[in-house]
Every structure is written in structure tokens, then in C-alpha cells.
Amino acid sequence: MIFGQKVKIKDICLLVEDIERTVDFYVNKLGFRMRRRAEGFADFYNDGVILAAWELNHINTHTGVSNRASPRGAHKVCIAVELGSPDEVDEHYKSLTDNGVPFYGPPADYVWNARCAYFTDPDDTLWELYAWLGGGPEDYHEEQAEQSGEG
């Protein structure tokens, strides 16, 4: 059995320094609805993968996993949210910016054939809002292959 081909990822659990700060951001800034709440832990309703947050000190106390936080500004993961159109990226950017979510900059069109905007949560988890341009992700790979003489 090949593990990566036989399992289905169901949850993404963010390891956070302060669960109250995290819950406040995800509920009040991003608009997630709380699903479950326990000491040092929370998860949120979502139409896809379950998003959870577990406080570093809590997981450390119960499992022995390190509670060492990454340095500020160090990104170890990017949560990507695919939207239906480039206009939706712009709409969510405006709405979230108006709600106090700090973005790295306004939405832009990138060479991988997507319109994207990037922000972080209070623990520096990087989020990407994106929508494909033109024909989707295949355009970028086909174009690159043609330029390199592979296509």
C-alpha cells in the first residue's frame, strides 16, 4: 500500500500560540462558524476540508510534541482557497480588507495563470485566494513546455 495514494486528507490543523486570538480572527475577521470548541482547540465549519486550530502549549502538554513557535514571518504552510473567478478574488480581497485582514498587496495576475491575493493570520499562516485565468492551470504548464522545447 502506498500511503499517499490510499489516504484522504480530511482536516488541516493549524498549530497556534493563542487559541482565543485565533478563534477571534477566524470567526470575526474571516467569517468562519465555530464547529467545536474545547480547551486549547477549535474547529470550524467549512464546505471542504475541516479547518482546526490547536494551541501549541495544549498539544505539548498532552502529547509531548514540541511547543516551539516558528519565528515571526516564517511561513511553513500556505492554505489555498480556489474561487470561481478572478472577480471573486477582488471581491473577497475588498471585503476582507474592509474587515481588517492584512494582505501583502492587492490581487494580481501571476505567471502560473492565476489571479491571487495573499494574507496571513495572527500566527503567520499564509493564505492564498486564487482563481484561474483563461483555461486554468494547464495553460501555464503547456506554455512553459513550449518555451523550453518540450511541447
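A few comments on the model shown:
- Prolate is the label for segment 80-122, because the ratio a/c of its alpha-carbon gyration tensor axes (a ≥ b ≥ c) is 1.5 or higher and a/b is greater than b/c.
- Taking other C-beta atoms within 10 angstrom as a stand-in for reagent exposure, 58, 75 fall in the order 75, 58, fewest first.
- DSSP-defined beta bridges in the chain - what % are antiparallel, rounded to 5: 65
- Distance in nm between pseudo-label sites at residue 97 and residue 20 (7 Å out along the Cβ direction from Cα): 3.2
- Neighbour-count ranking [beta-carbon atoms within 10 angstrom, fewest first] of 59, 50: 50, 59
- As computed over the chain, the Cα convex hull volume per residue (Å³): 165
- The trypsin sites (Lys or Arg not before Pro) of segment 1-33 that DSSP puts in a loop, and whose beta carbon has at most 12 other beta carbons within 10 Å, are 8, 10, 33.
- For segment 1-69, the antiparallel share of DSSP beta bridges with both residues in that region comes to about 55%.
- Note on 109, 43: ascending count of other Cβ atoms within 10 Å places them as 109, 43, the fewest first.
- Gaussian network model of the chain, Cα within-10 Å springs - most flexible of 65, 89, 81: 65
- Between residue 104 and residue 69, the distance separating the two model label sites (each 7 Å from Cα on the Cα→Cβ line) works out to 2.1 nm.
- Cα gyration tensor shape of segment 1-69, rounded if a/c is under 1.5, else prolate or oblate by comparing a/b with b/c: oblate
- Cα→Cβ-extended label distance, 7 Å offset, between residue 33 and residue 50, nm: 1.6
- Mean ellipticity per residue at 222 nm, deg cm²/dmol - from DSSP H runs of n ≥ 4 across the chain, formula -39500 (n - 2.57): -8000 deg cm²/dmol
- Pairs beyond 23 Å (Cα-Cα), from 10/76; 6/76; 8/94: 6/76; 8/94
Rule-based calculations on the coordinates, nothing more; no lab input. All values derive from a computational prediction rather than experimental measurement. Because the Cβ atoms are built from the backbone with ideal geometry, glycine has one as well, and the counts that use them run over all protein chains shown.
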